[in-house]
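J.: Have a look at this one before I ask anything.
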Amino acid sequence: MRQDRSYKRFITLGKNLKPSKKIITLIIVISAVAVILILKCSLFSKSNSAAIEDFRTKGNPDAPIKIIEYLDFQCPSCAYASKVIKEQMSSHPDLIHVTLRHFPLSMHRHGVLASTYVECAARQNKFWEFHDKTFENQDAWKKLSDARPAFELIALDLQLNIKKLNSCLRDVSISEIIESHKQEGKAKGVRSTPSLFINGELLVGVNTLPQKLNQLVSQFQSNVEQ
Amino acid sequence: MRLLIGILFIYSGATKTIEPYQNFQYIVEHYQLFDFVSAYSYELDTLVARVIPWLELFLGIFILLGLWLENALKTLGGLVVGFIIVISQALIRGLPIDDCGCFGESFSMPPQGMLIFDCCLLGLVILLLWKKEKTIVFSLDRWMG
């Protein structure tokens, strides 16, 4: 009898010690949010809108609209983004500054090759020319099983020194540069292309790029007029 | 089975919440869900991209731990039905979607495959709701009475 009472008291005590369901739910929700936020902060670095000025940059370094674009030369949306940005820059040259970073996607078989050719063209001071021609001819070369002849034609068109170009294509440091850009992008949370950091704010894809740029241009144009 | 579904949705939700929400928004935009309200489609896509990953994460946690289990399973069932509708409308309209975007970059599945997967998932959720006595084993709901 005494044992039964003790046992019953033990069970009642156990039940009374159980926290309520709502408290447990609250603890779980708060913990989950905290874990996610900690992981977010530790895994991804904030984008710095101040880009390093090098041959992959274009426009007024003091421009109010700073774009850092992670791109893949075989990506059709990147070709469109390039066209949109180019149009805005030609209309408002003082307002936009662009920095390009390579982010070739594994699903695009010629992505790395295209980036390599563009980087090597940069060594002969033809980065932006090769960049433009690569996008202009994208529909043609992306269907080829071997895109090298297409890029060589672009090189000839731009009067690049082919011997220097071929030497550069064998240079390991070029692939290291491309890979470092990709790792840099991944550290900022870039997963697809084009991913554009416009004044530090990430925009993925091109659906709203024209409107976003128009909005910013209008905003900064009216600031300049004032 | 309940534990596997919980882990699956925790993984799906966590990968999307940890990364910038813009990555998932890019996927959502491809489904063109809010074309009929074009003035607000961007804001609605943003809302979906911000909310759905957290919903997946919490539903996954509650199902794994077996907390508010019946409500969590019903909500998950509703969510999966939503996914089925979204993917079906994309396929019917012939929208150019190569990857469903469901599990971030880690796992790629075309929409057709995802539709089949979601239908099987819905079947499993219904089974778990039907076989409550077995579902509730090793759950916080049971421990708390």
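Rule-based calculations on the coordinates, nothing more; no lab input. This one's a predicted model, so the numbers in the text were calculated from it and none came from an experiment. Note that each Cβ is placed from the backbone with ideal geometry, even for glycine, and that neighbours are counted across all protein chains shown.
J.: Count charges around residue B:52 for me, please; just the other residues with Cβ under 14 Å from its Cβ, Lys/Arg as +1, Asp/Glu as -1.
T.: Numbers: positive: B:16, B:50; negative: B:19, B:29, B:45, B:56, B:118.
Residues close to residue B:52 contribute a combined charge of -3.
J.: Helix A:209-225 versus the longest principal axis of chain A: what angle, 0 to 90°, nearest 10, using Cα atoms?
T.: For helix A:209-225, the angle is close to 80 degrees.
J.: In peptide A:35-41, what is the residue-averaged number of other protein chain Cβ atoms found within 10 Å of each Cβ? Each step should come with its number before you reach the end.
T.: Numbers: counts 4, 7, 2, 1, 4, 4, 1.
Shielding by partners across A:35-41 averages 3.
J.: Within 10 Å of each Cβ in B:20-29, how many Cβ atoms from other chains are there, averaged over the peptide?
T.: Values: counts 11, 3, 11, 8, 2, 6, 11, 4, 0, 5.
Mean shielding count: 6.
J.: Hey, another quick one. Would segment A:147-186 count as rounded, prolate or oblate if I go by the C-alpha gyration tensor, calling it rounded below 1.5 in a/c and otherwise prolate when a/b exceeds b/c, oblate otherwise?
T.: prolate
J.: Right, here's the next one. Could you work out the helix-only [θ] at 222 nm for chain A, with each DSSP H run of four or more residues adding -39,500 (n - 2.57) and the total divided by the number of residues, to the nearest 500 deg cm²/dmol? Could you put the intermediate results ahead of the total?
T.: Values: 10 runs with 132 residues, N = 226.
So the calculated ellipticity at 222 nm is -18500 deg cm²/dmol.
J.: Filter the trypsin sites (Lys or Arg not before Pro) in segment A:130-210 to those in DSSP coil with at most 15 other Cβ atoms within 10 Å of their Cβ, and list the result.
T.: Working: sites: A:133, A:142, A:143, A:163, A:164, A:170, A:182, A:186, A:188, A:191; in loops: A:142, A:143, A:170, A:188, A:191.
Answer in residue order: A:143, A:170.
J.: Counting just the Cα atoms, what span does segment A:73-121 cover along each of its three principal axes? Round to the nearest Å and put the largest first.
T.: For segment A:73-121, the Cα spread along each principal axis is 35, 22, 13 Å.
J.: Please report, in Å, the Rg and the Dmax of chain B, where both are computed over Cα atoms only.
T.: In order Rg, Dmax, the Cα atoms of chain B give 15.8, 49 Å.
J.: With angles folded into 0 to 90 degrees, how steeply does helix A:111-122 sit against the dominant principal axis of chain A? Use alpha carbons for both and round to 10.
T.: Once rounded, one gets 50 degrees.
J.: Once you place label points 7 Å from the Cα toward the Cβ at residue A:214 and residue A:157, how far apart are they in nm?
T.: Here the answer is 3.0 nm between the modelled labels.
J.: Among DSSP beta bridges lying fully in the protein assembly as shown, give the percent that are antiparallel, nearest 5.
T.: Numbers: 11 of 18 bridges.
Counting DSSP beta bridges with both partners in the protein assembly as shown, the antiparallel share is about 60 percent.
J.: Would you list which aspartates and glutamates come within 13 Å of residue B:132, measuring only between C-alpha atoms, while excluding same-chain residues fewer than 8 positions from it?
T.: The qualifying aspartates and glutamates are B:70, B:141.
J.: Please say if segment A:24-144 is rounded, prolate or oblate, where rounded means a/c under 1.5 for a ≥ b ≥ c the square roots of the C-alpha gyration tensor eigenvalues, and otherwise the choice is prolate for a/b larger than b/c and oblate otherwise?
T.: Numbers: a/c = 2.59, a/b = 1.67, b/c = 1.55.
Because a/c hits 1.5 or more and a/b exceeds b/c, segment A:24-144 counts as prolate.
J.: Per the Kirkwood treatment, what hydrodynamic radius in Å, one decimal, follows for segment A:152-224 from the mean inverse distance over all distinct Cα pairs? Display every interim value, and only then the final one.
T.: Working: mean 1/r = 0.0636 Å⁻¹.
Every distinct Cα pair counted, the radius reaches 15.7 Å.
J.: Give me the distance in nm between label points sitting 7 Å out from Cα along the Cα-to-Cβ direction at residue A:146 and residue A:37, one decimal.
T.: In this crude label model, residue A:146 to residue A:37 measures out at 5.6 nm.
J.: Residue A:108: net charge of surrounding residues, Cβ under 10 Å, Lys/Arg +1, Asp/Glu -1, itself excluded?
T.: With Lys, Arg at +1 and Asp, Glu at -1, the net is +1.
J.: Let me ask something else. Filter the chymotrypsin sites (Phe, Trp or Tyr not before Pro) in segment B:27-86 down to the DSSP loop ones having no more than 14 other Cβ atoms within 10 Å, then list what survives. Numbers along the way, then the final one.
T.: Values: sites: B:31, B:34, B:36, B:40, B:42, B:54, B:58, B:62, B:68, B:83; in loops: B:31, B:34, B:40, B:68.
Qualifying residues, ordered by number: B:40.
J.: Also, quick follow-up: To the nearest whole number, what is the average tally of beta carbon atoms from other chains within 10 Å of the beta carbons of peptide B:31-39?
T.: Numbers: counts 0, 1, 0, 0, 0, 0, 0, 0, 0.
Counting Cβ atoms of other protein chains within 10 Å of each residue's Cβ and averaging gives 0.
J.: Also, quick follow-up: Give me the Kirkwood hydrodynamic radius of chain A in Å, from all C-alpha pairs, to one decimal place?
T.: Values: mean 1/r = 0.0483 Å⁻¹.
Taking the inverse mean of 1/r over all distinct Cα pairs, chain A comes out at 20.7 Å.
J.: Students often get this wrong, so check it: of A:58/A:164; A:126/A:186; A:83/A:143; A:22/B:131; A:163/A:186; A:164/A:212, which have C-alpha atoms separated by over 31 Å?
T.: On the way: A:58/A:164 24 Å; A:126/A:186 27 Å; A:83/A:143 21 Å; A:22/B:131 25 Å; A:163/A:186 34 Å; A:164/A:212 40 Å.
Among A:58/A:164; A:126/A:186; A:83/A:143; A:22/B:131; A:163/A:186; A:164/A:212, the Cα-Cα distance tops 31 Å for A:163/A:186; A:164/A:212.
J.: With a length cut of 15 Å (Cα positions projected on each helix's long axis) and a Kyte-Doolittle mean of at least -1.0, go through chain B and give me the DSSP H helices that pass.
T.: Details: long enough: B:2-18 (24 Å, 1.25); B:41-65 (36 Å, 1.41); B:69-93 (36 Å, 1.38); B:111-130 (28 Å, 1.96).
Span-like helices, by this rule, are B:2-18, B:41-65, B:69-93, B:111-130.
J.: Distance from the Cα centre of segment A:125-149 to that of segment A:164-214, in angstrom?
T.: 17
J.: Local charge sum around residue B:38 (other residues, Cβ-Cβ under 13 Å, Lys/Arg +1, Asp/Glu -1)? Please report the intermediate quantities before stating the final value.
T.: On the way: positive: none; negative: B:29, B:35, B:43, B:45.
That works out to -4.
J.: Helix A:76-91 versus the longest principal axis of chain A: what angle, 0 to 90°, nearest 10, using Cα atoms?
T.: Relative to chain A, helix A:76-91 is tipped by roughly 70 degrees.
J.: Ignoring everything except DSSP H segments at least 4 long, calculate the 222 nm mean residue ellipticity for chain B; use -39,500 (n - 2.57) per segment, divide by total residues, nearest 500.
T.: -23500 deg cm²/dmol
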